[in-house]
Every structure is written in structure tokens, then in C-alpha cells.
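Peer 1: Below: one structure in C-alpha cells.
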């Protein structure tokens, strides 16, 4: 298994039905920070699987933003929405 890293995942989906499907898929692997903004602690392979899955759900009018946060950057994130730190290792969430 590869090295796990923090990623910030954000999306803008114009259609409510597509938005719900995208939300459900992202929610299965990431922790919600704001309305359509999630934090994800995963391997590069996990991230690529998520991106592949989202590509099948989203259309050209939708937007996806994925930002890798280096360990130093993750420690400096100011997040009042959660009591846990971005610098500690998170348990992996798996959907079977």
C-alpha cells in the first residue's frame, strides 16, 4: 500500500441529481468540512479511484478541485469545523 496524504476535495455540480450522486461517492471516503468541501487522507491510488468514479458521474459543466496538502501545509490548516487536527493520521474509511 502506498503512502497516505491529505487532500482537499471540492466540487461544484450544477444538477441536483448529479450533486447527490457525487456527494454520496465523496462522502464514502472523505470527511465533510463545508457544503461541497471535503478532506481526505488516502493513498494516491485511492485518490485516482475517486477521480475516476467522479468522472463517470460528473459532466463538462461540473467542476472538481483536488489539492494535495504536504504535511507542513496540513498542520497549518485553520479549520474551526472539526476538533481533530489535520496533522494526525486518520483511520481509513472503507465502503464495502
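What follows draws every value from the coordinates through simple rules; no lab data is involved. This one's a predicted model, so the numbers in the text were calculated from it and none came from an experiment. Quick reminder, even Gly has a Cβ in these numbers, built from the backbone with ideal geometry, and neighbours come from all protein chains shown.
Peer 1: Would you mind telling me which numbered condition in (1) in contact with a helix residue (DSSP H, G or I) (Cβ under 6 Å, 6 or more places away or on another chain); (2) part of a helix (DSSP H, G or I) residue 6 fails?
Peer 2: With (1) in contact with a helix residue (DSSP H, G or I) (Cβ under 6 Å, 6 or more places away or on another chain); (2) part of a helix (DSSP H, G or I) applied to residue 6, the lone miss is (2).
Peer 1: Let me ask something else. Among the residues of segment 9-29, which ones are part of a loop (DSSP other than H, G, I, E, B) and surrounded by 20 or more Cβ atoms within 10 Å (Cβ to Cβ)?
Peer 2: Of everything in segment 9-29, those that are part of a loop (DSSP other than H, G, I, E, B) and surrounded by 20 or more Cβ atoms within 10 Å (Cβ to Cβ) turn out to be 13, 29.
Peer 1: Another question, if that's okay. I need the full set of residues from segment 50-71 which are part of a helix (DSSP H, G or I) and more than 16 Å from residue 21 (Cβ to Cβ), in order please. Can you show your working first?
Peer 2: Let us first name the residues in segment 50-71 that are part of a helix (DSSP H, G or I), namely 50-57, 71.
Residue satisfying the conditions is 71 alone.
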